[in-house]
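Here the structure is laid out as structure tokens; the discussion comes afterwards.
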Amino acid sequence: MDFEILIPICICVVLPIMVVWLRTRAQQNEINRKTEIMLKAIESGVSIDPELFKVQSQPKKAKTMKEKLLGRLTGACINTLLGVAALIGGVFSWNRIDGQEGSVFLLGVGGILLAIGIALFIVYFVGKRMLASEIAAEERELQK
């Protein structure tokens, strides 16, 4: 049996299943603890707060336009830096190994990442210019 295939299978199949199982188990333990508390409260005759059993999920805060644009700027910086690093690594390995497949792959990945980074920079700067008045209005609204 080829053991090299086991690591990707474990990472892609077993790991997500374990994460879901652990999260579900943690939620179930929390519910069980609340149930025990409620049963003891009922036995001792204490009034019960029904809010205790409601699922307390954190409501997702809507991102402002400025936060979305800053997220794009962060993505642009990361992609551009990774692309430049991959291109430099590909050029150095190309010169050293005389054009092996690994260096061609590295050059391709670097080019793609650099293109994505540049596209995200363009989206950031164009969006910043187009949405300047909306961002200013959101900031005024948040300061109230």
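Values as computed for the structure displayed
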quantity: Inter-residue pairs, beta-carbon under 6 Å, first in the same structural domain as Leu82 (by TED's automatic domain parsing) and modelled with pLDDT of 80 or more and in region 95-107, second aliphatic (A, V, I, L, M) and part of a helix (DSSP H, G or I), 6+ apart; calculated: Leu106/Ala86
quantity: Scan of region 86-111 for residues that are surrounded by 14 or more Cβ atoms within 10 Å (Cβ to Cβ) and aliphatic (A, V, I, L, M), ordered by number; calculated: Ala86, Leu87, Val91, Leu106, Leu107, Val109
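The values are calculated or read from the model by the stated rules, or taken from the named source; none is laboratory data. What you see is a predicted model, and the numbers here were worked out from it, not measured in a lab. Cβ coordinates were reconstructed from backbone atoms using ideal geometry, including for glycine residues, and neighbour counts include every protein chain displayed.
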